[in-house]
Amino acid sequence: MKSDVKDIKLAKKGRLRIEWAEQNMPVLRLIKKRFEKEKPLKGVRLAACLHVTTETACLMYTLKAGGADAVLCASNPLSTQDDVASSLVKDFGIPTFAIKGEDNKTYYKHIAAALDHRPRITMDDGADLVSTLHTERTGQIKDIIGGTEETTTGVIRLRSMAEKGVLKFPVVSVNDASTKHFFDNRYGTGQSTIDGILRATNRLMAGSVFVVCGYGWCGKGVAMRAHGMGANIVIVETDPIRAIEAVMDGYRVMPIRDAASIGDMFVTVTGDINVIRKEHFPLMKDGAIICNSGHFNVEIDIDGLKKVSKKRRIIREFVEEYTLKNGKRVNLLGEGRLINLAAAEGHPSSVMDMSFANQALSAEFIVKEGSRLARKVYAVPEKIDKEIARLKLEAMGMKIDRLTKEQEKYLASWEMGT
């Protein structure tokens, strides 16, 4: 099967970077070792629409080791690591359709190429494979056993489809696994978002007013890391429970309109549309920095920003300076796309180890149980979640305690009290 990558000559560099990532992915290595013996995915066609990074490469050849006939396309135009894409094609024989900076037309051409593989399992980061199947490729749906989804944004889309009765096959929400969102969303997004901002801007965090829009697990992680670097954190929320949690965590909470005039840096991590809007940009300080770490580039109203601006220019890589009609300058990072992947390398491999272990084992689960599942969104089975946590602890040299028989009896009893 053909591929579409930037330059196959980049494969050597990509191979070395993949090896570096794999060194810190012990859980996925253990799964790969078992998959090589058992071949639980033997002959199953699988299409993955994921961020094409070193860690994703480790997942893809784990799936191949399990017998899967897998192809990969990018889930975001700016997240592809071109050397990794080349290595996947040349060194691992995995058809890959991804070029960093590809335009919208090429992006969807690559999704179409992945679906031309006629997959039985889909693996999504944002639900673009699933949505394309339900709108443009409905004739292929009968071949699908099920899918997996790894992002909050994608799960929101899929649950909406399920609630409206239009989802045509079961999907496992990898995003909801405890070993995914507690770690990937909080520690992975937290560190990699700050990394992306610093690489793009080289600005000092300490003493700045750092506005985080959204206080889910990703927002918690970003706020935690920015606070650790000395920033003064402001949280923008619409959910009263999350808002009071942010207050209890020691942060200021206010509407975006109030935060707009005091913030130095803004990050959106909500999974929703137009969080920072046209009317907010003129209120911002001269030189304010805005970026997004949610999956799609819809959280910042970029069209609105253009309308209130009189000129714009690329002032440094991944930084576009908009001069507003009132003379102030607002700097948009990474075209409003995932800043942690647009300007940096995404989550650390040790975090993605657990997320991609969930992906691999959920694919195995779908093969075994897919025919018995209803057309809805499922959580990762608790057994899988706990096994991944156990393997990770083991790899870290950590041990946990065990319940005594007396303790087990007490927890299972209603008779025993004080």
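The values are calculated or read from the model by the stated rules, or taken from the named source; none is laboratory data. Just so it is clear, the structure is predicted and the values come from calculations on it, not from any experiment. Every residue, glycine as well, gets a Cβ built from its backbone with ideal geometry; the counts of neighbours run over all protein chains shown. Side chains included, ligands, DNA and RNA excluded: accessible areas come from the protein's heavy atoms. Shrake-Rupley method; radii C 1.70, N 1.55, O 1.52, S 1.80 Å.
Side notes on the structure shown:
- Each residue in the stretch 141-159 was checked for being open to solvent by less than 10 Å² (accessible area, probe 1.4 Å) and under 19 Å from residue 70 (Cα atoms), and 5 of them qualify.
- Residue in the stretch 30-57 that is farthest from residue 109 (Cα to Cα), counting only those that are under 21 Å from the mean Cα position of the chain (by Cα) and without any contact (Cβ under 8 Å) to a residue 60 or more places away in the chain: 57
- Residue identified as crowded, with 19+ Cβ neighbours inside 10 Å and over 27 Å from residue 24 (Cβ atoms) among 380, 330, 351: 330
- Members of the stretch 55-88 found to be open to solvent by less than 10 Å² (accessible area, probe 1.4 Å) and polar (S, T, N, Q), listed by number: 56, 62, 75, 76, 79, 80, 86, 87
- Contacts under 8 angstrom Cβ, first residue in the stretch 101-118 being closer than 18 Å to residue 141 by Cβ and open to solvent by 20 Å² or more (accessible area, probe 1.4 Å), partner at pLDDT 95 or above and among the polar types (S, T, N, Q), 6 or more apart: 112/132; 118/140
- Selection count where residues are open to solvent by 60 Å² or more (accessible area, probe 1.4 Å) and within 25 Å of residue 328 (Cβ to Cβ), scope the stretch 223-234: 1
- Cβ separations smaller than 6 Å between residues 6+ apart or across chains give the following pairs from the stretch 186-198 residues that are at pLDDT 95 or above to residues that are of a type in the set (D, E, K, R): 190/225; 191/225; 194/225.
- Residue pairs meeting the criteria (Cβ under 6 Å; at least 6 apart or on separate chains; first in contact (Cβ under 8 Å) with a residue 40 or more places away in the chain, in the stretch 299-310; second among the acidic types (Asp, Glu)): none
- None of 362, 350, 355 is among the polar types (S, T, N, Q), assigned to a helix (DSSP H, G or I) and over 29 Å from residue 272 (Cβ atoms) except 350.
- Check on residue 106, touching a Leu at 6+ places or on another chain (Cβ under 8 Å), closer than 30 Å to residue 7 by Cα and of a type in the set (S, T, N, Q): no
- Residue check for residue 187: under 30 Å from residue 9 (Cβ atoms), open to solvent by 30 Å² or more (accessible area, probe 1.4 Å), of a type in the set (Phe, Trp, Tyr) and in a helix (DSSP H, G or I): no
- Across the stretch 196-215, the number of residues qualifying as touching a helix residue (DSSP H, G or I) at 6+ places or on another chain (Cβ under 7 Å) and assigned to a loop (DSSP other than H, G, I, E, B) comes to 2.
- Where residue 182 falls short, out of the listed (1) under 30 Å from residue 265 (Cβ atoms); (2) open to solvent by less than 10 Å² (accessible area, probe 1.4 Å): (2)
- Pairs with Cβ under 9 Å, 6+ apart, first in the stretch 84-97 and within 20 Å of residue 116 (Cα to Cα), second modelled with pLDDT under 95 and outside any helix (DSSP H, G or I): 95/1; 95/2; 97/2
- Filter result for residue 369 (open to solvent by less than 40 Å² (accessible area, probe 1.4 Å), assigned to a helix (DSSP H, G or I) and either out of contact with any Phe, Trp or Tyr (no Cβ under 6 Å at 6 or more places or on another chain) or over 30 Å from residue 103 (Cα atoms) (or both)): no
- Hits in the stretch 374-418 (condition: in contact (Cβ under 8 Å) with a residue 24 or more places away in the chain, outside any loop (DSSP other than H, G, I, E, B) and either within 29 Å of residue 156 (Cα to Cα) or not aliphatic (A, V, I, L, M) (or both)): 377, 378, 379, 384, 385, 387, 388, 389, 392
- Every residue from the stretch 160-175 that is open to solvent by less than 50 Å² (accessible area, probe 1.4 Å) and either outside any helix (DSSP H, G or I) or among the charged types (D, E, K, R) (or both): 167, 169, 170, 171, 172, 173
- Counting the residues of the stretch 383-397 that are open to solvent by less than 40 Å² (accessible area, probe 1.4 Å) and under 13 Å from residue 26 (Cα atoms) gives 4.
- Scanning the stretch 149-160 for residues that are β-branched (Val, Ile, Thr) and either closer than 16 Å to residue 374 by Cβ or in contact with a His (Cβ under 8 Å, 6 or more places away or on another chain) (or both) yields 151, 152, 153.
- Wholly within the stretch 235-323, strands (runs of 3 or more DSSP E) carrying at least 2 residues that are among the aliphatic types (A, V, I, L, M) and open to solvent by 70 Å² or more (accessible area, probe 1.4 Å): 309-316
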